[in-house]
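Chemist: Here's a structure for you.
The values are calculated or read from the model by the stated rules, or taken from the named source; none is laboratory data. As the structure is a prediction and not an experimental result, all values here were calculated from the model. With ideal geometry, Cβ positions are generated from the backbone for all residues, glycine too; neighbour counts draw on all protein chains shown. All accessible areas refer to the heavy atoms of the entire protein, side chains included, with ligands and DNA or RNA removed. Shrake-Rupley method; radii C 1.70, N 1.55, O 1.52, S 1.80 Å.
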Amino acid sequence: MANKLVEMVSTQCTRKGDKEVYRHKDNVTGEWKITTWNEFRTGIEKVAHAMEILGVDVQDNVGVFSANMYHIFMSDYGLFYNRAVPVHIYATSSREDVRYIVEDASLKIMFVGDQPQYKIARDVQKLMPELKQIITYKDSIVLDVDDKTTISWDDVLRLGEEASDACREAVESRRSSGVEDDLMYLIYTSGTTGVAKGVMLAHSNMDEAMARHLERLETVEEDQLSMCFLPLSHVFECAWCHYCLTKGVRIAINENAKEISETLKEVHPDMMCSVPRFWEKVYTGVQNKFASMGWIGKALLHRAVKIGRLRNLHYRRRGQKATLYVDLQYRLFDKIVFKAIRKAIGMENGKFFPTAGAPLSENIVRFLHCCGINIVMGYGLSETTATVTCFPRKNFKIGSAGTNLPGVEVKIGENNEILVKGKTVMKGYYRKPEETAAAFTDDGWFRTGDAGYINEDGSLVITERIKDLYKTSNGKYIAPQALESVLSEDQYIEQVAVIGDQRKYVTAIIIPAFEALKEYAAKKKIQYKSIEDLVKNSEIVKMISERINVLQADFASWQQVKKFTILPKAFSMETGELTNTLKVRRAIINKLYAKEIEAMYS
């Protein structure tokens, strides 16, 4: 009996054969090309046959090192047909990260997306000849002169098309004999601390996640359109796309994350899962727009937001119908204010926007709901096949991560640690029995490493990552993420890292929004020769200080930033300050900016 997601492809082909399954943008013509379910299945079968010919066996691990591309869906399912295991690697991963995963997962074959990934894969291959085969998704990749083994995506499709009857029978035998305990994915954690670990997710984990999401997400409709924006190496996007395929939701694949603003305006999706940083930027953009308006425009917006709050948060959130007076006003403001906001983002058709991965300011969540943007906050991990909790359709609590999915148990353990139990919880960490044992309590609850509490209505509130908690030299505990989330609301602050562990007081490293800062300098006629000069300017420092003090006013005095340093260069994944999921690596920042940090405590 084939695994459920493998069977799903055949079922959907029967139901929706010539209908769209996904679309991607042609890099040459700029046009969006649609793939049907029948074409999808044909491509999967060709890849599956080629993988058997290339020596992929049952439960072999195969690397997928690429930005989002339509090829990934076919290669993943082609591997599933062989009961093999895709190992997704972030396209931004360093050579050292890729080498570690190739060795740890014993990868012999790797798909690569573009020239940078090909170069790294080749460098690793020269160090580790065990990586015998590289397959390029793009035909534009220029191969090394001495590369005699790499083949292209088209080569794979031709190989699969010409497969022998024996090969086809072997793949069909594997496909039909899959069991739910088969490993489905090996997902390497981004590793904010310590060495990355391979999370083992079985088909049974994903099957359970699909069943529970189908049960919970009652407002999602078949044939709606979802934007694939987060990397498919991120468990959130990976699981969400499998849900879309299972539900029959069409997928638009955004290949370049930097082009998402333009892509949204071309595609106008109904849905998109994202991390809070995306919405922080949207909020800042909207606020900047209205800050430049006259008093009449500002008064109009203020009134619109007030009515939006009444209609969407007071009435609709509770499952109640708004009064006629409120509803008529909302329709007017929706027509002249909110639709313009949604259209400017490219989300005028937007209906459902799952968001997770980090805290998002309550002010931003409220504002977006007032504007008719249905942000659905949630919480999950790679180890739990993504979602543990999310906003219910009605009576969701802003400031929380929602209530747990059906069949997923959540409780609070020692040190307020969030513990999870259910069929979506991983099998363990690949080849790391000690780490696996340490990740579970004696009675089988998974230790998330996050702290929080369950409020009176059953919603989970995340307070902090336990390992990120700071304790000042005065014995006070600081939750840096909560403060960072609030400071990130500001239009002049792009990134922030709060410092304070075993220190007398709290400080911060600030990365400004450089373009906004330049505009401010021009407006105030501030002279500067370089970005380094600008961030040290006393007027700029004073302005940032005043804004920080306003933003952190609701925090206790001992939680507030007392001093800060503005840097002229952003944190990045390449320099190690950010994980591939854009989380701050605090140990790296403390090391790289030790001089600047010590100066704030001198």
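Chemist: Hey, which of the strands (runs of 3 or more DSSP E) in the stretch 12-65, taking only ones fully inside, have at least 3 residues that are among the hydrophobic types (A, V, I, L, M, F, W, C) and closer than 21 Å to Asp154 by Cβ?
Modeler: Answer list for the stretch 12-65: 61-65.
Chemist: If we scan the stretch 108-120, do we find a residue that is without any contact (Cβ under 8 Å) to a residue 60 or more places away in the chain, assigned to a helix (DSSP H, G or I), open to solvent by less than 50 Å² (accessible area, probe 1.4 Å) and in contact with a Phe, Trp or Tyr (Cβ under 6 Å, 6 or more places away or on another chain)?
Modeler: Yes, the stretch 108-120 contains at least one residue that is without any contact (Cβ under 8 Å) to a residue 60 or more places away in the chain, assigned to a helix (DSSP H, G or I), open to solvent by less than 50 Å² (accessible area, probe 1.4 Å) and in contact with a Phe, Trp or Tyr (Cβ under 6 Å, 6 or more places away or on another chain).
Chemist: Does Asp443 qualify as being of a type in the set (Asp, Glu), at pLDDT 95 or above and either crowded, with 17+ Cβ neighbours inside 10 Å or not in a helix (DSSP H, G or I) (or both)?
Modeler: Spelling it out, Asp443 is indeed of a type in the set (Asp, Glu), at pLDDT 95 or above and either crowded, with 17+ Cβ neighbours inside 10 Å or not in a helix (DSSP H, G or I) (or both).
Chemist: Which residue pairs have Cβ atoms under 9 Å apart, sit 6 or more places apart or on different chains, and have a first residue in the stretch 210-237 that is on the phi > 0 side of the Ramachandran plot and a second that is in a loop (DSSP other than H, G, I, E, B)?
Modeler: Asp223/Lys19; Asp223/Gly248; Asp223/Val249
Chemist: Another one. Could you tell me whether Arg174 is open to solvent by less than 40 Å² (accessible area, probe 1.4 Å), of a type in the set (Lys, Arg), free of Cβ contacts under 8 Å to residues at least 40 places away in the same chain and outside any strand (DSSP E or B)?
Modeler: Judged against the criteria, Arg174 is not a match.
Results for (1) crowded, with 21+ Cβ neighbours inside 10 Å; (2) under 24 Å from Gly43 (Cα atoms); (3) of a type in the set (Phe, Trp, Tyr), shown as yes or no for each residue.
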{"residue": "Ala84", "(1), (2), (3)": "yes, yes, no"}
{"residue": "Ala91", "(1), (2), (3)": "yes, yes, no"}
{"residue": "Ser94", "(1), (2), (3)": "no, no, no"}
{"residue": "Leu131", "(1), (2), (3)": "yes, no, no"}
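Chemist: From Glu218, Glu208, grab the single residue that is of a type outside the set (Val, Ile, Thr) and open to solvent by 50 Å² or more (accessible area, probe 1.4 Å).
Modeler: One residue alone meets the criteria, Glu218.
Chemist: So which pairs qualify, if the first residue must be in the stretch 430-450 and of a type outside the set (Phe, Trp, Tyr), the second must be in a helix (DSSP H, G or I), the Cβ gap must be under 8 Å, and the two must be at least 6 apart or on different chains?
Modeler: Arg431/Asp104; Ala439/Glu383; Arg447/Ala438; Thr448/Glu383; Thr448/Thr384; Gly449/Ile466; Gly449/Lys467; Asp450/Ile466
Chemist: While we're on this one: For the stretch 243-274, give me each residue that is assigned to a helix (DSSP H, G or I) and either among the basic types (Lys, Arg) or in contact with a helix residue (DSSP H, G or I) (Cβ under 6 Å, 6 or more places away or on another chain) (or both).
Modeler: Tyr243, Thr246, Lys247, Lys258, Lys265
Chemist: Looking at (1) closer than 29 Å to Asn254 by Cβ; (2) of a type in the set (Ser, Thr, Tyr); (3) free of Cβ contacts under 8 Å to residues at least 24 places away in the same chain, find the lone condition where Tyr283 falls short.
Modeler: Among (1) closer than 29 Å to Asn254 by Cβ; (2) of a type in the set (Ser, Thr, Tyr); (3) free of Cβ contacts under 8 Å to residues at least 24 places away in the same chain, the lone unmet condition for Tyr283 is (3).
Chemist: For the stretch 142-166, what are the residues that are open to solvent by 20 Å² or more (accessible area, probe 1.4 Å) and either in a helix (DSSP H, G or I) or among the aliphatic types (A, V, I, L, M) (or both)?
Modeler: Val142, Leu143, Val145, Ile151, Asp154, Asp155, Leu157, Arg158, Leu159, Glu161, Asp165, Ala166
Chemist: Out of all the residues in the stretch 226-236, is one or more part of a helix (DSSP H, G or I) and more than 19 Å from Asn349 (Cα to Cα)?
Modeler: Within the stretch 226-236, one or more residues are part of a helix (DSSP H, G or I) and more than 19 Å from Asn349 (Cα to Cα).
Chemist: Separate question: Has the stretch 36-48 got at least one residue that is open to solvent by less than 10 Å² (accessible area, probe 1.4 Å), among the small types (Gly, Ala, Ser) and touching a residue at least 60 places away in the same chain (Cβ under 8 Å)?
Modeler: yes
Chemist: Please state which one of Ile418, Ile462 is within 23 Å of Ala508 (Cβ to Cβ), in contact (Cβ under 8 Å) with a residue 40 or more places away in the chain and not in a loop (DSSP other than H, G, I, E, B).
Modeler: Ile462
Chemist: If only one of Glu280, Glu259 is within 27 Å of Leu578 (Cα to Cα), among the charged types (D, E, K, R) and open to solvent by 40 Å² or more (accessible area, probe 1.4 Å), which one is it?
Modeler: None of the other options fit; the residue is Glu259.
Chemist: Sticking with this one: Would it be correct to say that Asn537 is polar (S, T, N, Q), on the phi < 0 side of the Ramachandran plot, surrounded by 13 or more Cβ atoms within 10 Å (Cβ to Cβ) and over 27 Å from the mean Cα position of the chain (by Cα)?
Modeler: The answer is yes for Asn537.
Chemist: Scan the stretch 21-32 and tell me whether some residue there is more than 19 Å from Glu162 (Cα to Cα), open to solvent by 10 Å² or more (accessible area, probe 1.4 Å) and of a type in the set (Phe, Trp, Tyr).
Modeler: yes
Chemist: Sticking with this one: When you go through (1) small (Gly, Ala, Ser); (2) in contact with a Phe, Trp or Tyr (Cβ under 9 Å, 6 or more places away or on another chain); (3) free of Cβ contacts under 8 Å to residues at least 60 places away in the same chain; (4) within 15 Å of Ile134 (Cα to Cα) one by one for Gly55, which number turns out not to apply?
Modeler: Looking at each condition in turn, Gly55 falls short on (2).
Chemist: Another question, then. In this structure, does Tyr505 turn out to be touching a Phe, Trp or Tyr at 6+ places or on another chain (Cβ under 9 Å) and closer than 19 Å to Val286 by Cβ?
Modeler: no
Chemist: Given the structure, is Ile101 modelled with pLDDT of 95 or more, part of a helix (DSSP H, G or I) and within 26 Å of the chain's Cα centre (by Cα)?
Modeler: The answer is yes for Ile101.
Chemist: Could you check the stretch 293-306 and list, in sequence order, the residues that are open to solvent by 50 Å² or more (accessible area, probe 1.4 Å) and either under 20 Å from Ile364 (Cβ atoms) or in contact (Cβ under 8 Å) with a residue 24 or more places away in the chain (or both)?
Modeler: The answer is Met293, Lys298, Leu300, His302, Arg303, Lys306.
Chemist: Shifting gears a bit: Among the candidates Arg309, Arg316, Arg331, single out the residue that is over 25 Å from Gly113 (Cα atoms), in contact (Cβ under 8 Å) with a residue 24 or more places away in the chain and of a type in the set (Lys, Arg).
Modeler: Arg309
Chemist: Quick one: count up the residues across the stretch 418-440 that are β-branched (Val, Ile, Thr) and open to solvent by 80 Å² or more (accessible area, probe 1.4 Å).
Modeler: Adding up the residues that qualify gives 0.
Chemist: If I filter the stretch 561-570 for residues that are closer than 30 Å to Gly475 by Cα, open to solvent by 60 Å² or more (accessible area, probe 1.4 Å) and touching a residue at least 40 places away in the same chain (Cβ under 8 Å), do I get at least one hit?
Modeler: Yes, the conditions are met somewhere in the stretch 561-570.
Chemist: Given the residues Ile548, Ile531, which is the only one that is of a type in the set (A, V, I, L, M, F, W, C) and surrounded by 18 or more Cβ atoms within 10 Å (Cβ to Cβ)?
Modeler: Ile548
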